[in-house]
Amino acid sequence: MDRIYLSSPHMSPHERALLLDAFDSNWIAPLGPHVDAIEKEFAAVVGAGEAVALSSGTAALHLAMILLGVGPGDEVLTSTLTFAATANAITYVGATPVFIDSDRDTWNMDPRLLADELHACARRKKLPKAVVVVDLYGQCADYEPIREACSRYDVPIVEDAAEALGATYDGQAAGTFGELGAFSFNGNKIITTSGGGMLVCQRSDWAQRARFLATQARDPAPHYQHSEIGYNYRMSNLLAAVGRGQLRVLEERVSQRRANYDFYRRNLGDVPGIAFMPEHPRSRSTRWLTCITVEPTEFGATRENIRLAMNAENIESRPTWKPMHLQPVFSGCRVRGGAVAEQIFEQGLCLPSGSNLTEEDRLRVADIVCTVGGCTPATLDARAALLPKRRAA
Ligand SMILES: Cc1ncc(COP(=O)(O)O)c(C=O)c1O
């Protein structure tokens, strides 16, 4: 059986044409017309004033910390349920992350716990320098109360929208809810440049400074002169060409990922012990990854049993993120709450969710989940629709 991946790259004919254009024009060297173009196109897609094309989402987060003046001795509040890059970027500037638990309704940062932590910080007379809010698995956090709490204490927000390009909250695009937003185009994201990222903001002076820092902080002089420490963080022209092609099919990719979720939901939604990551009423998730939780006593097996059974059938699935407050490297950091994220980690599984999955792939996945739990899929509509095609093949 062919391997089914968790989330593999999905190219359209546009990417090939644009990549060849970049190649044939000999703009192989860093920067070039495709970088300028992707910045404009990306800013228009998400409705941001400015976009800066970078080598990774992690680079975008790092530059966001620098732009906000975060430094040694500062604290930065962030979601505990996330990928390590979010918290790592905070440490790159010498600051300390403080972790906030998830809200059950979104799996994202709990706005009440954030407000409590900000209140406690204010009483200690040490407010955090920033709050990095993560939009997990394709869904925006609950921004109205989060923004309210942060503006009460005048603390800026950085939105880590690495996993949420294409998502909205109250119709507004992910990545635009903070002073700065970060996106990732790594290989498993909803669109990819193989590796890359984008920093967005409204302020053009910040965008200019981000471009300056990302190109080794070179002063304007004919020789190489530097008055500040810089970074090699710019996106290459070749990768920007690929990204422009991917951007054109973003909406299609969102629909395809949401269709995966709909399929799994239809076929596994009634299985006892299986629950899906909730979609907040104000949010439109991209369902970048379809995530389930498995309650072992009701289901009759654990999420690890499912993961191993899938692995034996050449299917990739992945436990949900291990919370940062449980990571050995962050063991000394403060955490507010934590039990919700811990439970999501213990019971959570990300199912194969690529926009290029076939109906047959999704059936294989749903079949295994049902077999492990000793039940039958709630609906057989998809299987019935497939049968004639299988016979014909
Ligand atoms: C939540 C989150 N933040 C940051 C990143 C880092 O992005 P990149 O891999 O492009 O550096 C990722 C994914 O890789 C992510 O999932």
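The values are calculated or read from the model by the stated rules, or taken from the named source; none is laboratory data. A quick note: this is a predicted structure, and the numbers were derived from the prediction, not measured. FYI the Cβ positions are ideal-geometry reconstructions off the backbone, even for glycines, and counts take in every protein chain you see. Note: accessible area is taken over every heavy atom of the protein model, side chains too, but ligands, DNA and RNA are not part of it. Shrake-Rupley method; radii C 1.70, N 1.55, O 1.52, S 1.80 Å.
Considering only residues in the stretch 207-231 that are under 13 Å from GLY49 (Cβ atoms) and crowded, with 17+ Cβ neighbours inside 10 Å, the one that is nearest to the ligand (Cβ to nearest atom) turns out to be ALA210.
The combined condition, being of a type in the set (A, V, I, L, M, F, W, C), touching a residue at least 60 places away in the same chain (Cβ under 8 Å), touching a strand residue (DSSP E or B) at 6+ places or on another chain (Cβ under 8 Å) and not in a loop (DSSP other than H, G, I, E, B), is not fulfilled by ALA162.
Listed by first and then second residue, the pairs with beta-carbon distance under 9 Å, at least 6 apart or on different chains, first residue in the stretch 70-87 and without any contact (Cβ under 8 Å) to a residue 24 or more places away in the chain, second within 16 Å of the ligand (Cβ to nearest atom), are PRO72/VAL93. Under the condition of being open to solvent by 60 Å² or more (accessible area, probe 1.4 Å) and touching a residue at least 12 places away in the same chain (Cβ under 8 Å), the residues counted in the stretch 22-40 number 5. The set of residues from the stretch 200-237 being on the phi > 0 side of the Ramachandran plot and small (Gly, Ala, Ser) comprises just one member, ALA217. Taking (1) small (Gly, Ala, Ser); (2) open to solvent by 20 Å² or more (accessible area, probe 1.4 Å); (3) in a helix (DSSP H, G or I) in turn, GLY332 satisfies each apart from (3). Every listed requirement among (1) without any contact (Cβ under 8 Å) to a residue 60 or more places away in the chain; (2) touching a strand residue (DSSP E or B) at 6+ places or on another chain (Cβ under 6 Å); (3) more than 12 Å from the ligand (Cβ to nearest atom) is met by ALA44 save one, (2).
Evaluate the following for LEU239: is it in a strand (DSSP E or B) and either within 16 Å of the ligand (Cβ to nearest atom) or of a type in the set (Gly, Ala, Ser) (or both)? Judged against the criteria, LEU239 is not a match. Per the conditions (1) closer than 25 Å to LEU351 by Cα; (2) free of Cβ contacts under 8 Å to residues at least 40 places away in the same chain, the sole criterion not satisfied by ARG152 is (1). Against the list (1) of a type outside the set (Lys, Arg); (2) surrounded by fewer than 18 Cβ atoms within 10 Å (Cβ to Cβ); (3) free of Cβ contacts under 8 Å to residues at least 60 places away in the same chain, the condition SER204 fails is (3). If you go through the stretch 238-295 and keep only what is among the acidic types (Asp, Glu) and either crowded, with 20+ Cβ neighbours inside 10 Å or out of contact with any helix residue (DSSP H, G or I) (no Cβ under 7 Å at 6 or more places or on another chain) (or both), you end up with GLU251, GLU252, ASP262, ASP270, GLU279. The residues in the stretch 166-176 that are outside any strand (DSSP E or B) and open to solvent by less than 10 Å² (accessible area, probe 1.4 Å) can be counted, and the count is 3.
Residue-wise test of (1) out of contact with any helix residue (DSSP H, G or I) (no Cβ under 6 Å at 6 or more places or on another chain); (2) at pLDDT 95 or above; (3) of a type in the set (Ser, Thr, Tyr).
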{"position": "TRP27", "(1), (2), (3)": "no, no, no"}
{"position": "PRO72", "(1), (2), (3)": "yes, yes, no"}
{"position": "ALA85", "(1), (2), (3)": "no, yes, no"}
{"position": "ILE100", "(1), (2), (3)": "no, yes, no"}
{"position": "LEU114", "(1), (2), (3)": "no, yes, no"}
{"position": "GLU117", "(1), (2), (3)": "yes, yes, no"}
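Taking the criterion of being free of Cβ contacts under 8 Å to residues at least 40 places away in the same chain and closer than 26 Å to TYR143 by Cβ, the residues of the stretch 273-325 that qualify are ALA275, PHE276, PRO281, LYS322.
The residues of the stretch 181-206 that are over 12 Å from SER55 (Cβ atoms), within 14 Å of the ligand (Cβ to nearest atom) and part of a loop (DSSP other than H, G, I, E, B), listed by number, are GLY187, ASN188, LYS189, ILE190, ILE191, THR192. Looking across GLY178, GLY166, one residue alone is in contact with a Ser or Thr (Cβ under 8 Å, 6 or more places away or on another chain) and more than 12 Å from the ligand (Cβ to nearest atom). It is GLY166.
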